[in-house]
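Worksheet: the structure to be examined is printed underneath.
The values are calculated or read from the model by the stated rules, or taken from the named source; none is laboratory data. Everything numeric here is computed off the predicted structure, so don't read it as measured data. Every residue, glycine among them, receives a Cβ derived from its backbone with ideal geometry; neighbour counts consider all protein chains shown.
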Amino acid sequence: MADDRLVLYNGLIAPQEIYGDARGVEPLLLLGDDMQGFCIAYDTRDASIVEIDPTNRHVARLADTFMGFIRAYMQAPG
């Protein structure tokens, strides 16, 4: 994530609260963002952590679990 900045929300939120609708990201619950528009989300289908590109709502898998995501984030150089 850019500049190693991550904001975790106080709880999971529905995508329509950020995007206005849930088109293309329906099964996701947002848990944070990188302060530059990319949201980090919990995928309710398989409990993985994904990143949502704000320009096209492309979803990229980041980790299999939340703990795996946090471990990788904390160990990343930068």
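For the stretch 7-35, how many residues are charged (D, E, K, R) and within 10 Å of the chain's Cα centre (by Cα)?
Kept after step one, since they are charged (D, E, K, R), are these residues of the stretch 7-35: 17, 21, 23, 26, 33-34.
Subset that is within 10 Å of the chain's Cα centre (by Cα): 33-34.
Going through the stretch 7-35 one residue at a time, the tally reaches 2.
Taking first residues from the stretch 12-37 that are at pLDDT 95 or above and partners that are of a type in the set (S, T, N, Q) and surrounded by fewer than 17 Cβ atoms within 10 Å (Cβ to Cβ), the Cβ contacts under 6 Å between residues at least 6 apart in sequence or on separate chains come to Pro27/Thr44.
Evaluation of Thr44 against the conditions (1) free of Cβ contacts under 8 Å to residues at least 60 places away in the same chain; (2) hydroxyl-bearing (Ser, Thr, Tyr); (3) surrounded by 15 or more Cβ atoms within 10 Å (Cβ to Cβ) shows that the sole unmet condition is (3). Only one of these is surrounded by 16 or more Cβ atoms within 10 Å (Cβ to Cβ) and part of a strand (DSSP E or B): Leu8, Leu12, Leu30. Name it. After ruling out the rest, the residue left standing is Leu30.
Being among the hydrophobic types (A, V, I, L, M, F, W, C) and closer than 19 Å to Ala76 by Cα, is that true of even one residue in the stretch 12-34?
Checked against the condition, which is being among the hydrophobic types (A, V, I, L, M, F, W, C) and closer than 19 Å to Ala76 by Cα, the stretch 12-34 yields no hits at all.
For the stretch 57-78, a residue qualifies if it is at pLDDT 95 or above, out of contact with any Leu (no Cβ under 9 Å at 6 or more places or on another chain) and more than 16 Å from Glu26 (Cβ to Cβ), and the qualifying residues are Ala60, Arg61, Leu62, Ala63, Asp64, Thr65, Met67.
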